[in-house]
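In what follows, a single structure is set out as structure tokens and then discussed.
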Amino acid sequence: MPDDLNPVHLGQATDRFQRAHFQALLQDWLANLRGANPDLLPYEEVRNILEAREGVGRASAQNVPLEKIVGSVGRYRDFNRTFLPRNEALLERWRRVDAAMHSLTGVPPIDLYQIGDLYFVRDGNHRVSVARTRGDKTIEAYVTQVDAPFPVEADSAEALSEWLTEAGHRLFLERTQLQSHFPDADIRLMRRIRRDLEQRGRSFASVRDQYYATVRPMHLEFVEPSKRWARWRPRPTVG
């Protein structure tokens, strides 16, 4: 970042940061009221769920739609889902980036990871934030492709979050071959088995024994019959 930035540009950038920071706090508050998630997606978590691998090298610079950048490698808590700055400590860096982007010098392309049609910031979070605040539609970026074992079917952060839940479950079943051990377990029971193995540290044998001794019999005795009554509707009386 150049050291000889115009003081007038820096002052204007400070004002823009303050407005963007306030807008971030407001968006987070409204999202919490609606029960929505205002956070960026953490790249490492998404990659681990998908068991994905980064490609070698990077392509030449290209223009990437800003709305398709949905996460970050390490700064996903500093900015919200629209890349507005949450943390006041970002001010000095943010305003210098802003002033540089408004100058003749400009800034270099950012670095992104691409998973499906979506992108995660490897380097350049402040530049994305300033560009979003300015109302830009695209940003110049070097893109590294990340290969997943199956196609990623999502076009937004919200869609990717929902899709990852099912993708993680699918990968877990393929890796453990649970379906072959519990052929009569439905999806809800599969998720319970996965929880006991991953989150509670139980052994496969203890989960299997409990499933056949108590979980499955209780499911058949109480849950399955209730499905019939859930579909039953009383006939309307006449007169």
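The values are calculated or read from the model by the stated rules, or taken from the named source; none is laboratory data. This one's a predicted model, so the numbers in the text were calculated from it and none came from an experiment. Glycine also receives a Cβ, built like all others from the backbone with ideal geometry; neighbour counts cover every protein chain displayed. For accessibility, only protein heavy atoms count, side chains too; no ligands or nucleic acids. Shrake-Rupley method; radii C 1.70, N 1.55, O 1.52, S 1.80 Å.
Quick look at the values:
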item: Inter-residue pairs, beta-carbon under 8 Å, first closer than 25 Å to Ala36 by Cα and of a type in the set (Val, Ile, Thr) and in region 134-160, second part of a loop (DSSP other than H, G, I, E, B) and open to solvent by 90 Å² or more (accessible area, probe 1.4 Å), 6+ apart; result: Val152/Asp117
item: Every pair of residues 6+ apart whose Cβ atoms lie under 7 Å, when the first sits in region 39-51 and is farther than 14 Å from Gln114 by Cα while the second is buried (at least 16 other Cβ atoms within 10 Å of the Cβ) and of a type in the set (D, E, K, R); result: Asp39/Arg81; Leu40/Arg81
item: Selection status of Arg132, open to solvent by 60 Å² or more (accessible area, probe 1.4 Å), closer than 30 Å to His21 by Cα, of a type outside the set (A, V, I, L, M, F, W, C) and modelled with pLDDT of 60 or more; result: yes
item: Pick from region 83-122, criterion touching a strand residue (DSSP E or B) at 6+ places or on another chain (Cβ under 7 Å) and either more than 24 Å from Leu164 (Cα to Cα) or polar (S, T, N, Q) (or both), ranking: surrounded by the most Cβ atoms within 10 Å (Cβ to Cβ); result: Trp94
item: Inter-residue pairs, beta-carbon under 8 Å, first touching a residue at least 24 places away in the same chain (Cβ under 8 Å) and within 9 Å of His102 (Cβ to Cβ) and in region 5-20, second open to solvent by 80 Å² or more (accessible area, probe 1.4 Å) and basic (Lys, Arg), 6+ apart; result: none
item: Residue check for Ser72: buried (at least 20 other Cβ atoms within 10 Å of the Cβ) and of a type in the set (Gly, Ala, Ser); result: yes
